[in-house]
Amino acid sequence: MEMIVNNPVFMIALTFLAYGAGAWIQKKTHWALANPLLIGIILVIGVVLSGAVSLESYDQNTQLINMILGPATMCLGIVVYRQKELLKKHWKAILIGTFVGCVTSIVSVIVMSKFLGVEDVLMVSLIPKSVTTPIAMDVSETLQGIVPITVAVVIITGILGSVFGETIIKLLKSKNAIANGVAYGTAAHALGSAKAVESGEVEGAMASIALIASSMITVLLVLLFQLF
C-alpha cells in the first residue's frame, strides 16, 4: 500500500482529483468562495493531516506540476495574440496601470509591515505577493526572504483576487474591459488572469499582458529597492 501511495502518479492524480472536486463544487453552487484552487488545497491538506501521505512525500512526488507551472502560464500568450491590435492601441494605458499597481502593491506591503512591526525577513517575503509563483520565488530568494512563505502568500493573493475581484469591480461600477483585465492581472497574477478570461476574451488578454508586465516591473523595482 505504501508503494502505491508514495509515488508520483498517485500524488499527481490526488492533486488533479482535489482540484476537479473543487471545480465541480463551484459549478454546482456558483458560490464565490467555492474557488477550485482553494477547495483543492483544503482537500490535499486534509489528506496530509490524516496521515495517509506525508508532506515530504507529497512535495517530492509533485515536482512535475511545479516544472510545468511556468510553461502553462505562458500559454496565456495565445489570448494576448488574439487581442494584439487592442494592445497596440492601448499600450500606454496598460503599462501605466500596471506600473501604478506594482508600486502600490510593494509600497503597501512595506508601509503595513513597518506599521505592524513585522520583521524585515517577513516583509521582503511578502513583497512579490502579486506576481506569478516562479518569479515570486526568485524575487524572494534574491531579497533573502523565506520562499515557502512567499509561495503561500502568492497563492492566497491569487485566491482572494479570483474570489473577490468580480465583486470589487461591480462595487466600483467599472465597465471598462481593459481596466478590469489589467486590475486582475496586476493584483492577482495567473489566478486573476484565469478569472478574467471567464469575464471575456478582452479582459483575459489584458490580464495576461498585465501579468507579464507586472512581473518584469516588480523585478526592476526590487533591484532598485536593493540599491536603497
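We did not get these values from a lab; they are worked out from the coordinates using the rules stated. Just so it is clear, the structure is predicted and the values come from calculations on it, not from any experiment. We place every Cβ from the backbone using ideal geometry, glycine too, and count neighbours over all the protein chains shown.
Observations, loosely collected:
- With q set to 0.07, 0.16, 0.18 Å⁻¹, the log10 of I(q)/I(0) for the chain, from the Debye formula over equal scatterers at the Cα positions, is -0.24, -1.18, -1.37.
- Our summary gives region 2-61 a relative contact order of 39 percent, counting only alpha carbon pairs under 8 angstrom and 6 or more residues apart.
- Counted residue by residue at 0.36 nm each, then reduced by the alpha carbon distance between them, the extension gain from TRP91 to ASP59 reaches 7.5 nm.
- The charge dipole of the chain, taken about the Cα centre with unit charges on the Cβ atoms of Lys, Arg (+1) and Asp, Glu (-1), comes to about 1020 debye, rounded to the nearest 20.
- Per-residue Karplus couplings for region 206-216, computed as 6.51 cos²θ - 1.76 cosθ + 1.60 with θ equal to phi - 60°, are listed in order as 5, 5, 5, 5, 5, 4, 5, 5, 5, 5, 5 Hz, Gly and Pro entered as x.
- Mean residue ellipticity, 222 nm, helices only, the chain: the sum of -39500 (n - 2.57) across DSSP H runs of n ≥ 4, divided by residue count and rounded to 500, is -27500 deg cm²/dmol.
- Between helix 147-171 and the chain there is an angle of about 60 degrees, using the helix long axis and the longest principal axis of the Cα atoms.
- Sites PHE99 and MET67, calculated FRET efficiency, Cβ-Cβ separation with R0 25 Å, nearest 0.05: 0.20
- Normalised by the number of residues in the chain, the mean separation of alpha-carbon contacts (under 8 Å, six or more apart) gives a relative contact order of 19 percent.
- Within the same chain, aspartates and glutamates fewer than 8 places from LYS175 are excluded, and of the rest, those with a Cα less than 12 Å from its Cα are GLU166, GLU203.
- FRET efficiency for the pair LEU33 and LYS173, taken as 1/(1 + (r/R0)^6) with r the Cβ-Cβ distance and R0 = 22 Å, rounds to 0.45.
- Positive-pole candidate from PRO128, GLY181, ILE146, dipole of region 83-227, charges at beta carbon: GLY181
- Within straight-line cross-link reach of LYS28, lysines at Cα separation under 20 Å, skipping those fewer than 8 residues along the same chain: LYS195
- Between ALA52 and LEU224, residue separation times 0.36 nm minus the direct Cα-Cα distance comes to 57.3 nm.
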